[in-house]
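The values are calculated or read from the model by the stated rules, or taken from the named source; none is laboratory data. Keep in mind it's a predicted model, so treat the numbers as computed, not measured. Positions of Cβ are backbone-derived with ideal geometry, glycine not excepted, and every protein chain shown enters the neighbour counts. Accessible surface is based on the protein model in full, side chains and every heavy atom, while ligands, DNA and RNA are left aside. Shrake-Rupley method; radii C 1.70, N 1.55, O 1.52, S 1.80 Å.
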Amino acid sequence: AVTLTYSGFNPSMIFEIYPVRSITSVEYYKEGEDVLTLMDPADYYLRNLNLRVQEVAFKEIPVDVADRPDAVKIILQAGYPNTTNTPKTIKQAIMLIVADLYNYREDRKEVIHKASHQLLRPYRKYI
């Protein structure tokens, strides 16, 4: 599970986590309260904007949200649920890295095979 925290609500909250399988919950702090309030799942939905970017869109945004840095908490299920769904290039990169670590295990620096970097490049998030 991945937990995202925000200082408040927007009509749509965009994030780059891939692949998102589902939204577990959306909770928020109400003004003057220290207990999280759970939103009804009918009030929000997950939408893919493109191959790697998703958003949580809200039908109605609560108006009584507390003014604090962690006012909104979204918990999602992300990643590949099993190896059957994992892209072939990710599996190949893992095998290259493991083979490289095994073959050169005696005197090793923290260097990862360049081919594995190229295989993983489409899945990497650059900031």
Calculated log10 I(q)/I(0) by the Debye sum over Cα atoms at q = 0.12, 0.15 Å⁻¹ (choose from (i) -0.61, -0.79; (ii) -0.56, -0.72; (iii) -0.42, -0.67), label = (i)
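If packing is taken as the average count of other Cβ atoms within 10 Å, what order do 81-92, 3-14 fall into, highest mean first? Walk me through the numbers before you get to the answer.
Working: 81-92: 11.1, 3-14: 13.8.
Ranked by mean Cβ neighbours within 10 Å, highest first: 3-14, 81-92.
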key: Estimated vicinal HN-Hα couplings, Hz - the range 15-31 in sequence order (Karplus 6.51, -1.76, 1.60; Gly, Pro = x)   = 8, 10, 10, 9, x, 8, 8, 6, 9, 6, 6, 10, 10, 8, 8, 7, 4
message = Just to be sure I follow the rule: in the chain, considering lysines 8 or more places apart or on different chains, how many pairs have Cα atoms under 25 Å apart?
response = 11
Chain lengthening between TYR123 and THR83 when straightened (0.36 nm per residue, less Cα-Cα) = 12.8 nm
task = Could you look at the chain and say what percent of its accessible area is carbon and sulfur, using a 1.4 Å probe and all protein chains?
result = 53 percent
task = Take each of the peptides 17-25, 98-106, average the number of other beta-carbon atoms within 10 Å over its residues, and list them starting from the highest.
result = 17-25, 98-106
